[in-house]
1. Among residues belonging to segment 149-167 that are β-branched (Val, Ile, Thr) and in a helix (DSSP H, G or I), point out the one that is surrounded by the most Cβ atoms within 10 Å (Cβ to Cβ).
2. What are the pairs with Cβ atoms under 7 angstrom where one residue, in segment 52-71, is under 16 Å from Asp35 (Cβ atoms) and free of Cβ contacts under 8 Å to residues at least 24 places away in the same chain and the other, located anywhere, is surrounded by 16 or more Cβ atoms within 10 Å (Cβ to Cβ) and among the aliphatic types (A, V, I, L, M)? Sequence gap at least six, or different chains.
3. Check segment 33-41 and report whether any residue there is basic (Lys, Arg), surrounded by 16 or more Cβ atoms within 10 Å (Cβ to Cβ), farther than 21 Å from Ala150 by Cα and at pLDDT 95 or above.
4. Please indicate, with yes or no, whether at least one residue in segment 142-159 is under 23 Å from Leu41 (Cβ atoms) and out of contact with any Phe, Trp or Tyr (no Cβ under 7 Å at 6 or more places or on another chain).
5. Does Tyr82 qualify as being among the hydroxyl-bearing types (Ser, Thr, Tyr), more than 20 Å from Asp40 (Cα to Cα), in a helix (DSSP H, G or I) and in contact (Cβ under 8 Å) with a residue 24 or more places away in the chain?
6. Any chance segment 97-106 includes a residue that's surrounded by fewer than 17 Cβ atoms within 10 Å (Cβ to Cβ), without any contact (Cβ under 8 Å) to a residue 60 or more places away in the chain and of a type in the set (A, V, I, L, M, F, W, C)?
7. For Leu131, all conditions in the list (1) in a loop (DSSP other than H, G, I, E, B); (2) touching a Leu at 6+ places or on another chain (Cβ under 9 Å); (3) within 13 Å of Asn59 (Cα to Cα) hold save one; what is the number of the exception?
8. Identify all residues within segment 122-167 that are among the aromatic types (Phe, Trp, Tyr) and touching a residue at least 24 places away in the same chain (Cβ under 8 Å); write none if there are none.
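The values are calculated or read from the model by the stated rules, or taken from the named source; none is laboratory data. It should be emphasised that the depicted structure is a prediction, and the values quoted were computed from it without experimental measurement. Here the Cβ positions follow ideal geometry from the backbone for every residue, glycine too, while neighbour counts run over all protein chains shown.
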Amino acid sequence: MSVVLMANVLFFSLQPAAHAGATAPAPAANRTAPDFTRVDLDQRPVSLADYRGKVILLNFWATWCAPCLAEVPRFADWQRKYGQRGLQLVGVSMDEEEQPVRTAYQKYGLNYPVVMGDEKLGEAYGGVLGLPVTFLIDRKGKVRIVYKGATDLNVIEHQVQSLLSER
């Protein structure tokens with residue numbers, strides 16, 4: 001188990017349970033997703049509020065994170081597959097420099113906005129301790145599920161489909 005994954009396990013174990021018998025949610029779960037506006041790699045403004053009414057998959061990642069790079073091509077597939085049904089992916093790169101992000105964006109054929117993140121944005125989402133961290137946000141702007149670390153993408157896709165079916 002890597003240090004990052006161990007930190008995630010400890011992080012979960014220290015969080016209070018939402019109700020008896022529940023597993024502990026990550027800090028931002030079941031709250032309105034904090035709004036932010038950043039520019040994407042093409043210098044266009046990206047505001048989370050602009051996607052209200054859509055299911056948002058907000059993914060904090062970095063180019064130096066192997067599990068992150070394993071996820072992003074599949075996320076691009078989902079944007080193609082589910083975009084017409086109301087899914088919007090937004091990537092938040094936690095890289096220090098923009099150039100490796102641009103290279104990865106092209107290499108992996110990403111088709112969704114990617115903005116540069118920082119500690120302040122991570123803190124707004126309850127602290128991003130280790131990568132990847134993915135927030136699944138419903139059409140009303142509420143964080144429904146938070147995935148920390150490498151996660152079974154089939155599980156995430158099932159949850160995306162479920163949220164897309166809600167009206």
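1. The qualifying residue surrounded by the most Cβ atoms within 10 Å (Cβ to Cβ) is Val160.
2. As it stands, the answer is none, since no pair meets every condition given.
3. yes
4. No.
5. Spelling it out, Tyr82 is indeed among the hydroxyl-bearing types (Ser, Thr, Tyr), more than 20 Å from Asp40 (Cα to Cα), in a helix (DSSP H, G or I) and in contact (Cβ under 8 Å) with a residue 24 or more places away in the chain.
6. no
7. With respect to (1) in a loop (DSSP other than H, G, I, E, B); (2) touching a Leu at 6+ places or on another chain (Cβ under 9 Å); (3) within 13 Å of Asn59 (Cα to Cα), Leu131 is out only on (2).
8. Start the filter on segment 122-167 by keeping residues that are among the aromatic types (Phe, Trp, Tyr), which leaves 125, 135, 147.
Passing the criteria: Tyr125, Phe135.
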